[in-house]
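Inspection log for the structure reproduced underneath, given as structure tokens.
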Amino acid sequence: MEVKANGPRAPGPALPGPTNPMVTPLLTDLYQFTMAYAYWKATKHQERAVFDLYFRRNPFGGEYTIFAGLEECIRFIANFRFTEADISFIHDSLPGSCENGFFDYLRGLDCSEVEVYAIPEGTVVFPKVPLMRIEGPVAVVQLLETPLVNLVNYASLVATNAARHRFVAGKSKLLLEFGLRRAQGPDGGIGASKYCYMGGFDATSNVAAGKLFGIPLRGTHSHAFVSSFMSPDEIIDKSLQCADGSRSCEDFVSLVQTWLNKIQHPMQRSKTLRGTFGETNQSELAAFTSYALAFPKSFLALVDTYDVMRSGIPNFCAVALALNDLGYKAGGVRLDSGDLAYLSCEVRKFFSVIEKEFGVASFGKMNITASNDLNEETLDALNKQGHEVDTFGIGTYLVTCFAQPALGCVFKLVEINNQPRIKLSEDVSKVSIPCKKRCYRLYGREGYALLDIMTGENEQAPKAGERILCRHPFSESKRAYVVPQKVEELLKCYWPGSSGKAREELPPLKDIRERCIEQLEQMRPDHMRRLNPTPYKVSVSTKLYDFIHFLWLNEAPVGELQ
Ligand SMILES: Nc1ncnc2c1ncn2[C@@H]1O[C@H](COP(=O)(O)OP(=O)(O)OP(=O)(O)O)[C@@H](O)[C@H]1O
Ligand SMILES: O=P(O)(O)OC[C@H]1O[C@H](OP(=O)(O)OP(=O)(O)O)[C@H](O)[C@@H]1O
Ligand SMILES: O=C(O)c1cccnc1
Ligand SMILES: [Mg+2]
């Protein structure tokens with residue numbers, strides 16, 4: 001454990017540090033330290049600054065984003081202190097001309113003078129609206145830029161990706177995140193599991209994430225397990241107790257074989273199964289039987305190692321029917337290759353025939369899981385074709401955010417010493433919205449959110465039932481009167497600094513997930529659709545509009561043509 005330098009303590013009850021111990025005050029860009037030194041050298045470092053953290057465009061061609069990563073940001077801020085080793089490293093990394101007083105300043109630095117207002121984690125958010133507003137002495141807030149943007153960027157991106165996969169899959173499907181092996185390193189893997197759960201996935205295969213965040217764990221088995229078996233002779237202990245403990249079946253392997261023969265040569269009235277398959281793969285049968293002996297209460301089988309319909313499915317059914325004899329209910333199958341729409345329908349038909357043929361209630365409803373390079377497009381294609389998949393296991397495309405690698409969050413100075421600041425750009429979408437602001441979500445008569453509006457800090461808040469003019473921040477002709485039915489203030493105090501204000505609780509992950517799902521359900525469907533979704537309106541008050549444009553004209557030099 002490294003020694004933290006002395007200095008004033010941050011306010012409020014202690015919060016644990018960030019999940020990833022690599023998230024320290026050094027996890028920032030060098031230029032934040034050079035600027036901090038230059039602020040200090042100019043005795044500007046204590047000037048009160050306000051920064052907004054926001055993004056400019058929704059990801060994945062959509063019109064919404066899920067805000068995620070806030071808890072990690074607050075935990076980082078709450079524990080923001082340099083160790084002596086950190087200070088020594090910064091000392092050695094900056095030019096030798098840097099005065100020692102700066103390092104004494106760093107030694108005493110924490111976030112007790114910083115205030116953070118933020119939109120609650122798991123909220124559906126839109127471009128330009130600050131997700132977080134960070135106010136404090138300019139030098140320390142400057143040091144926070146890179147880690148805060150880092151903590152929010154991927155978290156929000158992957159949570160949005162998960163929400164989009166959920167939207168396409170539909171509410172009734174079980175979604176499992178299987179991405180750990182393909183994620184961008186260990187932090188990418190852990191983050192993906194946490195934020196995909198937040199965005200609406202049901203469970204993860206990532207055991208560490210299960211332990212860290214209490215996310216439900218789920219999994220099947222791999223092809224290696226199936227191909228590791230050569231023949232049923234390998235199974236030594238063949239006995240299996242009945243589910244009710246009443247008796248023991250001494251030779252479960254033979255019972256499975258008996259069932260396989262029955263499926264292969266049905267004696268019943270119907271001959272539906274006859275001719276669908278010949279000899280199945282015996283090593284696969286051995287693997288399935290072995291797995292059932294290990295997990296009789298939750299037997300699952302990966303059925304595509306050799307041939308789904310000619311081997312995997314009949315073998316699975318033989319084992320499942322043998323388990324059924326002993327009072328156990330099998331868990332289902334996983335398909336990991338081939339045409340998942342076609343195969344899932346064929347598998348469902350087979351299960352229904354088994355249910356009828358052998359009178360095993362609800363066998364036809366057996367769970368079918370599908371995996372293999374799934375993404376929004378393949379899920380959409382499966383829906384259009386018709387399929388019988390109950391559960392999707394999704395890895396690579398989900399966790400790597402293959403369709404868009406970054407959200408592009410930014411952190412912009414909007415006020416210093418109570419003076420609003422603006423950042424201009426040739427590209428209007430990159431012009432920052434100045435001033436310390438308040439942000440509201442206005443709801444309409446049908447209960448849907450109509451738009452978000454930003455106002456100056458000291459403006460009157462919009463009121464339910466009162467008409468307000470909402471203006472596009474940059475396009476003069478775009479404006480609308482709104483009479484909100486409900487007004488929700490978006491930015492809440494998550495880190496009060498020394499202001500004495502109450503701090504919002506950091507809710508458990510499960511509650512954030514529920515909030516996220518609820519929020520998405522309340523969105524107007526045309527904002528949610530995948531093809532040409534309607535943009536959600538983000539506006540400013542008339543006063544703020546006028547001020548932005550006044551400042552813009554004030555700061556932009558007038559060109560001279562010759
Ligand atoms: N019915 C379907 N419609 C559209 N896409 C599908 C359908 N079924 C599967 N897919 C997708 O098609 C791709 C098939 O990939 P690929 O051809 O590499 O795998 P495979 O040959 O089926 O299996 P393996 O991984 O063993 O090579 C996957 O991305 C999968 O999700
Ligand atoms: O396809 P993803 O969305 O990434 O989901 C996870 C994949 O990881 C596993 O196999 P792996 O890809 O390691 O091997 P395989 O493709 O040969 O089955 C699993 O069988 C899935 O196919
Ligand atoms: O449990 C599974 O089936 C699983 C887990 C990770 C990756 N692929 C599959
Ligand atoms: Mg694969």
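The values are calculated or read from the model by the stated rules, or taken from the named source; none is laboratory data. Every value quoted in this text rests on a predicted model; they were computed, and no experiment measured them. Cβ sites come from the backbone with ideal geometry, for glycine too, and all protein chains shown count toward neighbours. Please note that ligands, DNA and RNA were not included when accessible areas were found on the heavy atoms of the full protein model with its side chains. Shrake-Rupley method; radii C 1.70, N 1.55, O 1.52, S 1.80 Å.
Determine by what factor the alpha-carbon radius of gyration of the chain differs from 2.2 N^0.38 Å, reporting the quotient. Present the calculation step by step, with values, prior to reporting the outcome.
Details: Rg = 29.5 Å, N = 562, 2.2 N^0.38 = 24.4 Å.
Relative to the rule-of-thumb radius for its length, the chain sits at 1.21.
If you project the alpha carbons of segment 95-211 onto the principal axes, what extent comes out on each, in Å, largest first?
Here the spans come out as 61, 31, 23 Å, largest first.
Can you list the residues, at least 5 places off or on another chain, whose amide H is less than 5 Å from the amide H of residue 332, using H built in the peptide plane?
301
Of all beta bridges DSSP finds with both residues in segment 220-389, what is the antiparallel percent, to the nearest 5?
Restricted to segment 220-389, the bridges split so that about 20 percent are antiparallel.
Roughly what % of DSSP beta bridges within the chain run antiparallel, to the nearest 5? Provide the component values of the computation, followed by the final result.
Working: 43 of 63 bridges.
DSSP beta bridges in the chain are roughly 70 percent antiparallel.
Per residue, how much accessible area does segment 295-351 have with a 1.4 Å probe, in Å²? All intermediate terms of the calculation are to be shown ahead of the outcome.
On the way: 1860 Å² over 57 residues.
So segment 295-351 comes to 33 Å² accessible per residue, rounded to a whole number.
By what distance, in whole Å, do the Cα atoms of segment 220-389 stretch along each of the three principal axes, largest value first?
49, 38, 31
Order the following by accessible area, largest value first: 309, 528. Probe radius 1.4 Å; ligands, DNA and RNA are ignored.
Working: 309 45, 528 10 Å².
Listed by decreasing accessible area, they come as 309, 528.
With helices defined as uninterrupted DSSP H runs, which ones in the chain have an alpha carbon span along their own long axis of at least 27 Å and mean Kyte-Doolittle hydropathy of at least -1.0?
Details: long enough: 138-169 (46 Å, 0.85).
Taking the DSSP H segments of the chain (at least 27 Å long, mean hydropathy at least -1.0), we get 138-169.
For residue 206, what charge total do you get from the other residues with a beta carbon under 13 Å from its beta carbon, if Lys and Arg give +1 and Asp and Glu give -1?
Values: positive: 181, 182, 194, 211, 218; negative: 177, 187.
Residues near residue 206 contribute +3 overall.
Tell me, what % of the accessible area of segment 220-389 is carbon and sulfur with a 1.4 angstrom probe?
Working: 3960 of 7680 Å².
Taking all protein chains in place, segment 220-389 shows 52 percent carbon and sulfur surface.
Once you put a point 7 Å from the Cα of residue 554 and another 7 Å from the Cα of residue 485, both along the Cβ direction, what distance in nm separates them?
With each label point 7 Å from Cα toward Cβ, the separation is 4.0 nm.
Using modelled backbone amide H atoms (1.01 Å from N, in-plane), which distant-in-sequence or interchain residues come within less than 5 Å of residue 241's amide H?
249
Counting each DSSP H run of 4 or more residues in the chain as -39500 (n - 2.57), what helix-only mean residue ellipticity at 222 nm follows after dividing by all residues, to the nearest 500 deg cm²/dmol? The partial results should precede the final answer.
Numbers: 17 runs with 200 residues, N = 562.
That comes out to -11000 deg cm²/dmol.
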